[in-house]
1. For the pair residue 246 and residue 40, how long in nm is the line joining their label points, each one 7 Å along Cα→Cβ?
2. Which whole-angstrom value gives the distance between the alpha carbon centres of the range 404-443 and the range 582-655?
3. Just want the answer: with Cβ charges of +1 for Lys and Arg and -1 for Asp and Glu, which residue in 184, 156, 129 is farthest toward the dipole's positive end in the chain?
4. Please tell me the relative contact order of the range 127-198 in percent, rounded to the nearest whole number, where contacts are Cα pairs under 8 Å and at least six residues apart.
5. Given the C-alpha centroids of the range 122-143 and the range 476-549, what is the distance between them in whole angstrom?
6. What percent do you get for the relative contact order of the range 161-237 when only Cα pairs under 8 Å and 6+ apart count?
7. Among 277-284, 617-624, 360-367, how do they line up by average Cβ neighbours within 10 Å per residue, starting with the highest?
8. Roughly how far apart, in whole Å, are the Cα centres of the range 6-41 and the range 320-356?
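The values are calculated or read from the model by the stated rules, or taken from the named source; none is laboratory data. Please read all numbers here as calculations on a predicted model, not as lab measurements. Methodologically, a virtual Cβ is constructed for each residue, glycine included, from the backbone with ideal geometry; neighbour enumeration extends over all protein chains shown. Quick note on the areas: whole protein, heavy atoms, side chains included, nothing else; ligands and nucleic acids left out. Shrake-Rupley method; radii C 1.70, N 1.55, O 1.52, S 1.80 Å.
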Amino acid sequence: MASGPVVIEVRGKVAIVWVDNPPVNALSQAVRQGLSDAVAAVEADAKVAAALILCRGRTFIAGADIREFGKGPLEPLLTDVIARIEASPKPWAAAIHGTALGGGFEVALGCCWRVMDSRAEVGLPEVKLGIIPGAGGTQRLPRLTGVATAIEVVTSGRRIGAGEAQKLGIADAVVDLEPGEEFADRALAAVEAWLAAGTMPVPVSARPVPPLDAAEAEKLIAKAVERARGQLSPGEAARAVADALTLDFAAGLAAERARFLKLVGHPQAKALRHAFFGERELSKLPMLDGVKPRAVSTIAVVGGGTMGAGIAVAAADAGYTVTVLETDAAAAKRAAERIHGIYQGYAERKRIPADAVGVKAAAIDITTEIGDLGTADLVVEAVFEDAEVKRDLFRRLDKVVRPGAVMATNTSYLDPNRIAAATGRPAEMCGLHFFAPANVMRLVEVIETADTAPDVLATAFAVALKLGKLPVFARVCDGFIGNRIWATVRRHYEFLVEDGASPAEIDAAMTAYGFPMGPFAVYDLSGLDISWSWRKRNMADRAPDVRYVDIPDRLCEMGRLGRKTGAGWYDYASGKAKTDPVVEALIAEERARKGVTARPVAAETIQRRALAVMANEGARILEEGIALRPLDVDMVMIHGYGYPAWRGGPMFEADAIGLPTVLGWIEEAHAAGGPGFEPARLLVELVQQGRTLADWAQSR
Ligand code: T1G
């Protein structure tokens with residue numbers, strides 16, 4: 001039988017049901033229909049004793065087709081297809097390679113047997129899309145793993161490797177392929193062996209749910225809700241799994257469906273779909289169409305400090321040959337220790353075996369000879385953030401780096417044009433702005449200078465993607481996309497402190513909004529001296545009517561540079577951030593000096609101000625062509641600054657709330673902040689035209 005993306009191939013007594021729906025075998029309506037038809041065909045074929053689902057391409061079924069969401073349920077529903085497979089008088093097996101995620105894993109759970117390639121993974125990541133498993137995953141998984149484990153799996157959305165899946169009773173067999181061996185053959189052999197054994201396993205849905213104390217289940221739900229910081233789906237997923245303790249399978253399934261339908265249309269789910277597809281749109285840029293990246297196999301990193309070491313490890317882990325250049329032997333030794341430390345951390349978190357630490361660290365060559373960079377295909381500079389230090393370095397690199405190599409600066413605030421101008425080949429230059437720790441943070445701002453050649457840009461994107469990063473295109477301005485928005489909203493947090501809010505109140509408001517950490521806690525962590533030098537560079541010759549808060553300068557003058565000095569906005573003597581009467585007194589003193597009468601500031605006012613200012617600055621960045629699309633701004637703020645993904649980022653959220661409303665909040669921010677915070681022309685025009693940022697993006 002062949003219907004669309006599902007084809008049956010009978011081998012002996014087993015019907016192999018091939019799913020072939022590139023790129024990731026998503027469960028589109030056609031695939032669901034094909035599977036449903038396959039159940040009937042298998043039942044009707046007397047020669048066939050069992051069925052085996054196998055997928056073409058790089059992965060097993062990666063879940064429901066997310067592009068179908070919001071378009072209303074299309075028959076056949078996945079729940080029904082899985083029920084037909086499970087109820088079939090002939091056993092079905094699933095052979096999992098690559099990933100079986102969401103609905104794909106649920107299909108496998110509806111089968112009698114699951115055989116996994118040893119490199120395969122399974123998971124129910126629906127919470128990352130603001131939903132919960134909607135085809136029986138919350139009811140079948142706990143029947144295999146127990147409720148506590150199932151709650152952990154559905155609330156984290158993490159992937160489970162084959163080894164663990166076997167231990168948890170999810171995988172009935174794990175296949176370690178010999179070179180040249182076909183997974184399909186090994187999976188088929190497994191099914192034939194099970195058939196020969198003659199024992200038909202009990203369908204998962206008919207298996208009992210291992211008991212768990214109701215109070216324990218409640219505790220796990222509460223923990224999931226607390227960890228979600230305002231995102232709804234993890235709590236709902238935990239409750240759905242816990243339902244299995246009190247409801248029979250059919251009732252549990254119905255309850256799961258109800259929760260799923262409540263969430264799939266929720267603004268949080270729409271925001272997370274925006275984030276899912278946004279990540280995948282980042283490198284789809286018209287200026288990269290048909291532009292061939294240059295070949296890169298060797299990367300040199302100049303500077304083995306925190307950023308340099310992280311970049312070197314990320315590059316080595318992605319398979320590049322890496323060299324780190326340091327100024328002298330002592331600095332080289334420190335760089336080696338940092339790199340070793342990163343791998344040590346990986347071993348402690350069981351990401352790599354302990355005996356791999358030394359090998360991996362040693363694979364990164366560290367030199368003090370700039371000449372050794374002569375053969376590098378890409379050179380990334382991560383030295384001290386000083387324009388003359390960087391220009392001098394690139395002048396020297398210009399003499400040794402081979403023609404045709406790409407050179408990139410990791411500067412976060414300096415002008416890459418000025419740095420590139422220190423070389424005779426500015427077209428070979430771009431910015432690669434990593435975020436600390438560079439071996440962890442996925443975001444990279446790829447900066448196009450005035451001279452960057454198209455294939456240099458394409459090379460930067462290709463390397464960033466191979467590093468497993470999220471490359472966001474940006475042009476040159478102070479702070480590019482992320483730091484510019486962050487510096488702008490920071491000024492408003494400081495205005496709110498001067499007007500009456502405490503740093504702790506602002507931090508509480510923004511963590512309640514969904515940020516992992518409050519802004520003042522972040523400032524103390526990254527060091528107050530960074531923005532101090534930014535203010536000195538950018539605010540020293542400000543116009544008299546520009547609002548300026550002196551409190552952070554006073555803190556720095558007092559030597560309170562943040563955690564690294566034991567005090568900043570907070571006091572860290574106890575190891576934890578504590579409100580400090582010294583800071584409270586300083587704030588009161590500054591208010592008095594400015595003649596400001598403190599007034600209570602509601603959390604909602606703080607949150608609205610933050611969104612308004614971020615969206616406004618984001619719109620300016622779009623107007624100026626520094627960023628190309630609202631999604632670029634959103635992905636930077638989500639992946640670089642902790643903006644809650646379930647809000648979609650400031651631009652998406654501004655549209656979701658409604659630009660007229662947000663423009664009102666921006667005007668309030670302008671009233672509070674004065675010159676420099678005028679509403680962006682783009683937003684004013686869109687409101688006048690009754691259009692959204694998404695409309696604007698579509699029209700470009
Ligand atoms: N639906 C539609 N398109 C999808 C898709 C999906 N589930 N998964 C991936 N794509 C597209 C993606 O947009 C990209 O398109 C291309 O495939 C390659 O993806 C009932 C309701 C599988 C690990 O959450 O995690 O099941 O950009 O670049 O890096 O309970 O894709 O090329 O045009 O990511 O190799 C649950 C989502 C759904 C898994 C592969 N499933 N996908 O990663 O490729 S909800 C998921 C992934 C659900 C049920 C519920 C990854 C991947 P384009 P890619 P990759």
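1. It is 4.0 nm.
2. Each part's Cα centre sits 27 Å from the other's.
3. Of the listed residues, the answer is 184.
4. 21
5. 39
6. Rounded, it is 12 percent for the range 161-237.
7. 617-624, 360-367, 277-284
8. If you average the Cα positions of each part, the centres end up 47 Å apart.
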